[in-house]
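For reference, the structure discussed in these notes is given below.
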Amino acid sequence: MQTAQQPEVQWTEMNLPISVGPAHLVLRQCQPTAAAALAQVVVAPAMGVQQSYYQPFARWLAEQGYGVTTFDYRGHGLSLQGHMRDNKADLLDWAKDCEQVAAQLKKQFPDQALIWIGHSMGSQLPGLASMPLPINGLLSVASGSGYWRDNAAPTKRVIRLFWWGVAPLATWLYGSFPGRKLGMVGDLPAGVLWQWRRWCMNPRYAMGVEGEWAAEAYAAAHYPLHALYMDDDEMMSLASVQSLVGWYQSAPSTLEHVSAALAPSGRIGHLGYFREEMAELLWRPLLPLLQSWRVGDRSPGKPLFGP
């Protein structure tokens, strides 16, 4: 018995220069080879998560006909040059990285729609761009405000120890946050950790710390937003996801609850959406939304996982 042949895709890797000395971002691109891509998709990572985590999802999307780009923020993952303790990046630099990645994709594929899929921090940062990203839609996965009082219950029980003890002490000792050594979050430049801490201490998150320009930047984004809230997310509560949708106040938006019961294991959590076993139950339902965005539909998205 012959198995169905998988569509062919091609992986390439490129260095995208940034404005700070010889530093660059490392981008990985997966493109279908049988025909031109239907559209281009960027997958922007969560805090401390390297782009390699999203490779199965990127390949699957390419097999469905979409070109996909993953990347690591400066000072992180493949985009780290030198020692992390010497890296001066902060979260506003990471927001600039999002701008540069979007600009690169529009330069490479000027005639194709561009769609942004952001995981956690990857959905927060686009709204802080100096100008709205040139995208046709933003799919937000497990993202919301990081304000500590709005964390989901499992995180809220331990977050005070993290922000007032573990994170400051470890960052002071190592010169960066050694998340992999500690088994939490991931390795982070010191500037990212300290700025993230300030945001998470403020009820208005980034807008409460950075000033009114941040609220105005979010409000300037008019691309459609579809936010997925995982009902077993151990980090993001419903209130925090609602906050994120509210920041993008000018965007046609949909907030959709996703039941953990849809997953084969009955568990999704904060990181699980991008695991390969989710392909048929959680990834395939995205295709109608991506199709609508690539043809320019700006109306609020219909539920992807039932009424």
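Structure values in brief
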{"item": "Selection from region 279-302 of residues that are assigned to a loop (DSSP other than H, G, I, E, B) and open to solvent by less than 80 Å² (accessible area, probe 1.4 Å)", "result": "296, 297, 299, 300, 301"}
{"item": "Residues of region 153-173 satisfying the condition of being among the small types (Gly, Ala, Ser) and surrounded by fewer than 13 Cβ atoms within 10 Å (Cβ to Cβ)", "result": "153, 165"}
{"item": "Residue in region 223-278 that is farthest from the chain's Cα centre (by Cα), counting only those that are open to solvent by 60 Å² or more (accessible area, probe 1.4 Å) and among the polar types (S, T, N, Q)", "result": "265"}
{"item": "Options 158, 209, 166, 185: the member that is touching a Phe, Trp or Tyr at 6+ places or on another chain (Cβ under 6 Å) and of a type in the set (A, V, I, L, M)", "result": "209"}
{"item": "Residue within region 56-67 that is outside any helix (DSSP H, G or I), touching a Ser or Thr at 6+ places or on another chain (Cβ under 9 Å) and modelled with pLDDT of 95 or more present", "result": "no"}
{"item": "Residue in region 178-194 that is over 22 Å from residue 15 (Cα atoms), part of a loop (DSSP other than H, G, I, E, B) and modelled with pLDDT of 95 or more present", "result": "no"}
{"item": "Boolean, residue 219 is over 18 Å from the mean Cα position of the chain (by Cα) and crowded, with 18+ Cβ neighbours inside 10 Å", "result": "no"}
{"item": "Within region 70-124, considering residues that are in a loop (DSSP other than H, G, I, E, B) and charged (D, E, K, R), the one least open to solvent (accessible area, probe 1.4 Å)", "result": "72"}
{"item": "Residue among 176, 123 that alone is within 25 Å of residue 272 (Cα to Cα), of a type in the set (Ser, Thr, Tyr) and touching a residue at least 12 places away in the same chain (Cβ under 8 Å)", "result": "123"}
{"item": "Subset of region 14-63 [of a type in the set (S, T, N, Q), under 27 Å from residue 189 (Cβ atoms), touching a helix residue (DSSP H, G or I) at 6+ places or on another chain (Cβ under 7 Å) and open to solvent by less than 30 Å² (accessible area, probe 1.4 Å)]", "result": "51"}
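The values are calculated or read from the model by the stated rules, or taken from the named source; none is laboratory data. Just so we're clear, the structure is a prediction, and the values are computed from it rather than from any experiment. Cβ sites come from the backbone with ideal geometry, for glycine too, and all protein chains shown count toward neighbours. Note: accessible area is taken over every heavy atom of the protein model, side chains too, but ligands, DNA and RNA are not part of it. Shrake-Rupley method; radii C 1.70, N 1.55, O 1.52, S 1.80 Å.
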